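As structure tokens, the structure follows; a few thoughts come after it.
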Amino acid sequence: MSGMPDGNAKLPSTPLNDDRGEVSEVIEGRRPDELPGISVRPARAEDCARCQEIAVAAWAPILASYREMLGDSMFEHMHSGWQARKAGQIAAAFEQRLGWILVACADMVAPTLVHGQQSRSSTAHEHGDCTIVGFVTYRLDEQARVGEIGNNAVDPAWQGRGIATALYEQVLARFRAAGMRVAKVSTGLDVGHAPARAAYRKVGFTAEVPSVTLYQELGKP
């Protein structure tokens, strides 16, 4: 996952490249040898609510770690209502840059055990021709020739299966096809973001510029 946990999403005012046509035909599709039953396709407007749901569920452990690090008082001041803000970021991406979003789909809902019996996961949602289990937003800066991965997440019930890797690889292929010279992504250094850091490194993000945000509680006025 990447992007700030809450706050306003910053998107470019005009699209730098709309690559939903020729490029998507080249790289969109299934990876049967590695992820049977999983495919990646361009997002549709009707996918927004499901991607919002995934984002809020996937960011919950990260925000829990923030509460632990900041303490209840600062956390409530800084991050109260983060769920709505995160959902708003996803909605803004769908509204403004639908062509820069990919979703991962599963042919069937992940089984979960309920009272010892297999049942369909309540966290997955069937939409049209697939069950959406993950998404990734991105942007292309043609002038700088830099592609950037933005908000992205996998349904917690589907994590650990290589779905994030598949999404990132599809985005990187789009970056290359569009003539980008550099790919970048921002993520946290906290424990909650450790899986994201590992996933980014797995697909080749190995040059790092570490950063840290420091806080001090000033008390009530």
> How large is ³J(HN,Hα) for each residue in the stretch 152-161, as worked out from phi by the Karplus curve 6.51 cos²θ - 1.76 cosθ + 1.60 (θ = phi - 60°), to whole Hz, x for Gly and Pro?
Replying inline: 7, 6, 10, 3, x, 5, 10, 6, x, 10
> Hey, can you rank 205-213, 170-178, 147-155 by average C-beta count inside 10 Å, highest first?
Replying inline: 147-155, 170-178, 205-213
> Once amide H atoms are built 1.01 Å from N in the peptide plane, which residues 5 or more positions from Asn151, or in another chain, come under 5 Å H to H?
Replying inline: Thr137
>> From the phi angles alone, apply the Karplus equation (6.51, -1.76, 1.60; θ = phi - 60°) to the stretch 56-62 and give each ³J(HN,Hα) in whole Hz, x where the residue is Gly or Pro.
In response: 5, 5, 6, 7, 4, x, 5
> Taking one equal scatterer on every alpha-carbon of the stretch 32-202, how large is log10 of I(q)/I(0) by Debye at q = 0.14, 0.15, 0.16 1/Å?
Replying inline: -0.79, -0.90, -1.01
>> What is the sum of charges, Lys and Arg at +1 and Asp and Glu at -1, for the other residues whose Cβ falls under 14 Å from the Cβ of Thr187?
In response: +1
> Using the count of nearby Cβ atoms within 10 Å as a rough guide to exposure, how do Met69, Met74, Met180 rank from fewest to most?
Replying inline: Met69, Met74, Met180
>> Per residue of the stretch 142-149, what does 6.51 cos²θ - 1.76 cosθ + 1.60 with θ = phi - 60° give for ³J(HN,Hα)? Whole Hz please, x for Gly and Pro, Karplus curve as stated.
In response: 5, 5, 7, 6, 10, x, 10, 7
> Amide H to amide H under 5 Å from Val133: which residues, 5+ apart in sequence or cross-chain, H placed 1.01 Å off N in plane?
Replying inline: Ala104, Cys105, Ala106
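Laboratory data are not the source of any read-out in this text; all were calculated from the coordinates shown. Since this is a predicted model, take the numbers as computed values, not measurements. FYI the Cβ positions are ideal-geometry reconstructions off the backbone, even for glycines, and counts take in every protein chain you see.
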